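Derivation of every value follows stated rules applied to the coordinates shown; laboratory data play no part. Treat the numbers as computed from the prediction; the structure is a model and nothing was measured. Please note: Cβ atoms are built from the backbone with ideal geometry, for glycine as well, and neighbour counts cover all protein chains shown.
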Amino acid sequence: MRTLSQTVKYGILIIVVGLTIFPIWWIFSTSLETLQSAFQFPAGLIPHGDWQNYLAAWKLAPWLRFFGNSMLISITTVLLALFTSTLAAFAFTFLAWRGREWVFAGVLGTMMVPFEAILVPDYLIIRQFGWINTYTAQIIPFAASGFAIFFLRQFMRSLPVEIRDAAHIDGASDWGYLWHIVVPNIRAALATVGIYLFLLSWNAFLWPLVVTTTANRQPIQVGLANFVQTANGTDWTVVAAAAGFVTLPVLVLYFVAQKQITDAIARTGLKG
Amino acid sequence: MHTTTRTLSGAMALVAVGSLLLAGCGQATPKASAPTSLKGPVTITFWNEMTGPYQPVVTAEINAFHKLHPNVTVQDVVVSNDAALRPKLFSAIVAGDPPTVSEMNPPWATGFISSHALVPLSTFIRGPQGLSSAQLHDFYPSMLNGGKWPDGTQYLVPFNLSANIMFYNKTAFQAAGITHFPTTWTGFYNDALKLSTNGRKAFAITLVHSYPFLAFFYEAGGHFVGPKGQPNAAAFAPNGPAVKALTLWTNMVDHNAAVLTSGYASDTLFGNGSSLILEATSAASPYLKQAAAGRFTIGTAPMPSDLTSATALFGGYLGIFSKATPAQQLAAWEFVKFLTSTQGTVLWAEHSQGYLPVRKSAKDLMTSYLSAHPAQATALAALSDAKPEDKPAWWSQFSNQILINAIDAALLHKMSPAAAMHQAYQQVIQEQAQTGDY
Amino acid sequence: MTLIKDRHTLQTLNGVKVALFIIPALIVLGIFWVLPLIMGLIFSLFHWNFGQNPVWAGWHEYQLVISSSLFWQSLLNTILFALGVVGVGTALAIVLALILYQEIAGKGLFRTLLFIPYVMPLVASSTIWLWIYQPGVGLLDRMLQLVGLPGSTSWVQNTTWALPAIILFTIWYSLGFTTLLFLAGLTTVSPELGEAALIDGASPWMRFRRITWPLLSPTTLFVIIVNTIGVFQSFTQIFELTRGGPLGATTTLTYLVYEDAFQYFHFGTSLATGVLLFIVVAGITALQFLVSRRAINYGD
């Protein structure tokens, strides 16, 4: 019985995960293809180890600069947004104040604002602050997140009563309670929302495109787009290669982060 | 505290900007007294979409220009394509923060002009640093006319343009016993039918832009814009040119001689031999060569003709923004003059591997290059029949949405070509009522 | 007297404390999200075609939007898109999360592999999928041919299949993240509850139905809301795969907002559509909250 259910579980995993990564594998092997055999089927499924395309793609742009910019922007954004959102979520969960539900609804509302519609007004604001072509313009508007507040509040609310009451017994201040009791107990949530915020910032395209003008401030998505789509066509092998070395470092980062989550799950040991 | 003050002053400034915006954006009138010579150091920004393989060429142009004008610094700002340049330019103009000079397509410029965001280049052309009549006549007229508005003002000058031609798989043509690319619609239709065997569909239709359709439409004798800038009803008539061109395409799709693809995937279909004829400007040539990767010989030919020989001209022009200081405007004009000079345009055409020179005198300097690059030679030969892109205010939505929807509707059998074009006319009339002409 | 005064002081103190906690977030959200929305709302009351001076128009732009059939088609597309992605994506993610939450070999690897699409740049992955969807020679058709199906569908150039093609891409892209959200949610579900039920002899299905599912319901609501909002804002894949076509079959409201403003320079109608989109999403979210209020167990 147990082995059967194990088989079913692995079966589901292998099918779903297999279907998920198959296109990626295919593109990876394409990126290693010589041009003659690119996009042949099924020949394209077996890579031939031609790293020339990667080399060619690498030489085309200041990737390290783009990469460094993206890292700086995304990490700063995540740290700031986690800080402001944790504070806010705490106030929405544990502090009693008038109008709390209304303000929270407003915060939820910011998640629903279609960014394309506020692009031009936001650009006007950024310009008033003199932030055109800066890192600041790419960080500060995302230094708080309705999603993060919503998500963290969700977790704070479901903390077991014992943990909530612990503070009253200890007579801890709200500030100490937040940092010593709440935050350690929602590490998994913080890591999850951190990954989300990181990728949101990492994948941002339209906004950095509009507010930046020089390569020394542009993130990798803008740099990448210049090669994925030119005005007259697409160079597939370069797309695949560039996508490869843009994806890989983030994937490694994720692997580390998700280990954190797993560890956090194991360590916090929420008891019912 | 400091932050609060900044925030507050920012918010107040915002209200100011907001009201300014509402009062009418970018009302800056072109500076009346432009300096006639460049003295001090000037920095200008140049926005364009010449990324990837084109970027080194733009850099080479700028370097060459810097040598001639050491006191001018050109900052090159590149974005990937129209879809990226449009929002960027739009936001910048609305905020009153445009570049000095930018690449743009004529239909966008119509909007910029009516808000006085662009400087009329005619002033510079006639000015002391202008162009002589001989120089002006050295431009290919079809290209230059694309940058001229109905009131006779030249707002844009041509930079990266190309004409639509046919690319075909010469190897497959020869295998099917077809020695020459067809020169008429009938021949085109029959040959495509003959070539479409074993699940292969000869003609790959892609509608990233509408110009591939426009080329056929022009050949059927059509023009969508009437003399006053209004939509031309006759063009949409059941026996009119649009229906005629669309019927040809629909018949080809129905008989499996054509396939509707999306994006630039058509390049790959052509490259791996799934389709054998691709209609594109010569600028696509390097991408097609790469896709074909030497597996077959690529042939190029002018468009097969119908009532007339015609083709569509497509690409980017240069315009200078009125927000720039007089010195910047003059420096930008010098830069524009350089890019479109014989020297500049030869450099551009030869190294971009697909765009056409904008000057007739360039052709003589490019003979050996052109003999090695047949796509550009073919496009250059077709230039006398080429029509520049139209530019009334309603054109953007018409050519990108209304017309493409009509083509899709017919090709996907949702409507007959006549019904699709009738509907398109209703829609374009409505759009014109909303946005106006020029 | 003193007592009342003290209560005042306490309230003021509490107010200051609350303010310190929420003000950093509210400043950012207020300046860069709420203020632009209000500016957009004001601008949308003007006729604002690019290049023409804005003219007071009242609700005119809204009337234009509402009377256009493309708006209604886009609204329908958006709702179908959301139903497809949220429905299928959420169900798949729950199953995967329940499996990956357990102690099984290689779960770290599986989780990472599943997450790759979410990490890939959207511009690149959607360009790649454009090729997968090519008629006859794309990867999808090739695979169908392998199992003996015709395999010559113009997936993204076909009014029937274009939207499902976008939905499939979006599920593929977001599955890893949705699963991660459920995994995080499962950390709040005590494993001991499950063990207790096991002792009582409950079957795995009963355990899921009676214990895990109710405890997971806040997460499920959260995931549904977040994914709905995410889907409503999807743009890149539509732009790369279909550009809203064919015949508007994949035009969503967000795409319409973009296209109107930045392709046709119809700033007024674009803003009006944006405001309407905001109202639609807010309405749907409120509805999701209301409908699920009874079903949710917050454990307090």
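Observations on the model:
- Applying a threshold of 31 Å to the alpha-carbon distances of B:39/B:387; B:88/B:170; B:148/B:414; A:59/A:259; B:337/B:391; B:88/B:363 flags B:39/B:387; B:88/B:170; B:148/B:414; A:59/A:259; B:88/B:363 as lying beyond it.
- Over the Cα atoms of chain C, the radius of gyration divided by the Kirkwood radius equals 1.06; this is the Rg/Rh ratio.
- Length-normalised contact order for chain B - Cα pairs under 8 Å, 6+ apart - percent: 24 percent
- Only beta bridges with both residues in the protein assembly as shown are counted; by DSSP, about 60 percent of them are antiparallel.
- As a length-normalised measure over Cα pairs under 8 Å and 6 or more apart, the relative contact order of the stretch A:57-268 settles at 34 percent.
- Cα gyration tensor category, rounded, prolate or oblate, for chain B with a/c compared to 1.5: prolate
- Between the amide H of residue B:45 and those of B:75, B:100, B:101, distances stay under 5 Å, these residues lying 5 or more places away or on another chain, with hydrogens modeled in the peptide plane.
- 222 nm mean residue ellipticity, helices alone, for chain C (DSSP H n ≥ 4; -39,500 (n - 2.57); rounded to 500): -22500 deg cm²/dmol
- Mean separation of Cα contacts under 8 Å (6+ apart) over length of chain C, as relative contact order %: 26 percent
- Loop-located trypsin sites (Lys or Arg not before Pro) in the stretch A:67-149 (DSSP state other than H, G, I, E, B) with a sparse environment of at most 13 neighbouring Cβ atoms within 10 Å: A:98.
- Every Cα-Cα pair in the protein assembly as shown was counted, and those over 60 Å apart are 11% of them.
- Peptide packing for B:300-312, C:136-148, B:270-282 was compared via the average number of neighbouring C-beta atoms within 10 Å per residue; ordered from the highest value, the list is B:270-282, B:300-312, C:136-148.
- Counting only DSSP beta bridges whose two residues both lie in chain B, roughly 55 percent are antiparallel.
- Cross-link partners of residue C:17 among lysines (Cα-Cα below 22 Å; sequence separation of 8 or more within a chain): C:5
- Prolate/oblate/rounded label for the stretch B:258-410 (Cα gyration tensor, a/c 1.5): oblate
- Part-to-part distance (alpha-carbon centres) for the stretch B:200-251 and the stretch B:61-104, which is given in Å: 34 Å
- C-alpha center-to-center spacing [the stretch B:164-197, the stretch B:382-414] in angstrom: 25 Å
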